[in-house]
1. Given R₀ = 35 Å, what would the calculated FRET efficiency be for His232 paired with Asp159, taking r from the Cβ atoms and rounding to 0.05?
2. With label points built 7 Å along Cα→Cβ from the Cα atoms of Gln22 and Leu253, find their separation and express it in nm.
3. Roughly speaking, what is the centre-to-centre gap between segment 144-194 and segment 85-133 when only Cα atoms are used, to the nearest Å?
4. Which whole-number percent is the relative contact order of the chain (Cα, under 8 Å, 6+ apart)?
5. Name the longest site-free stretch of the chain, where the excluded sites are GluC sites (Glu not before Pro) in a DSSP loop with no more than 14 other beta-carbon atoms within 10 Å.
6. Listing Val225, Val26 from the residue with the fewest other Cβ atoms within 10 Å to the one with the most, what is the order?
7. Relative to the present Cα-Cα distance, how much length would full extension add between Arg113 and Ala33 at 0.36 nm per residue of separation?
8. Could you calculate the contour length gain from Glu222 to Met1, that is, 0.36 nm times the residue separation minus the distance between their Cα atoms, to one decimal place in nm?
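Bear in mind that the values in this text are calculations on the coordinates, not laboratory data. A quick note: this is a predicted structure, and the numbers were derived from the prediction, not measured. Here Cβ is always computed from backbone atoms with ideal geometry, including for glycine, and neighbour counts include all displayed protein chains.
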Amino acid sequence: MLNIIPIPAFKDNYIWTLHERQHAVVVDPGDAAPVRAWLEKHQSRLSAILCTHHHHDHVGGVCELVQLYNVPVYGPRHENIPCLSHAVGEGDLIEIEELGIQFKVLDIPGHTRGHVAYLNENALFCGDTLFGCGCGRLFEGTAAQLHHSLQRLAQLAGDTRVYCTHEYTEANICFALACEPGNAQLIQRQADARELRAAGKPTLPSTIALEKATNPFLRCTEAEVIRTILQHGPGDSTELAVFTAMREWKNALPQDKRLP
Ligand SMILES: [Zn+2]
């Protein structure tokens, strides 16, 4: 039985770790120390490292882990990933023999130019592209690219679990409620997220179905969302214009300015 657990790192990163029978794969190890500690504690051997994009809080621990465990490093072919051994992109399949699992690679540019996601059955590792009730900031790509990438993820099966890298859900829900105060599922999600965080638990993974029902960045054709966004700036009501204005509005909020 494959287990997927978060190793917390930095302030609010999760290094998602897939493990079974003393073998483990880590996604986006921004820091080597907590991964080493986890592997030692669980007497597990590292089999591979997957990287979604080049930001330091996702790749900062890669080379130290490679020196210690000599494992393959998979990452987007359009970015500079330290100690990369296997450059991957859209449609590639990654086999991890020790765990008997496979990942499909999806190109989802926008947050960065070459950002990729990894899909293992119904578990999606999407880095900083789709967050719990939000999405990543635009650093290198265009709003149209990020919008297209999010729409691709939204087309995955509703029960696909979303393993993103940051615990931003509660703050994102506050913004989502500003966009769509009448969304009953969103109000429920806020209560659920508060309960989880109060108990010291992650709000993740979420699911594609929950994101489609509550994440404003996937709801740019909803009447209430469009109404709110048009009140916050000029623009038209096309889906991309609403998405772009929403992303800009959120960027301008003080709590969003510091986020990676
Ligand atoms: Zn990032």
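1. On the way: r = 34 Å, r/R0 = 0.96.
Step by step, r from the Cβ atoms, then E = 0.55.
2. Reported label-point gap for Gln22 and Leu253 is 4.7 nm.
3. Rounded to whole Å, the Cα centres lie 19 Å apart.
4. On the way: 524 pairs, mean separation 32.3, N = 260.
Result for the chain is 12 percent.
5. Numbers: sites that count: Glu90, Glu121.
With GluC sites (Glu not before Pro) excluded where exposed in loops, the chain gives 122-260 as its longest stretch.
6. Numbers: Val225 22, Val26 26.
Final ranking by Cβ density, sparse to dense: Val225, Val26.
7. Working: separation 80, 0.36 × 80 = 28.80 nm, distance 2.82 nm.
Full extension of this stretch gives 26.0 nm more.
8. Numbers: separation 221, 0.36 × 221 = 79.56 nm, distance 3.95 nm.
Stretched fully, the Glu222-Met1 segment lengthens by 75.6 nm.
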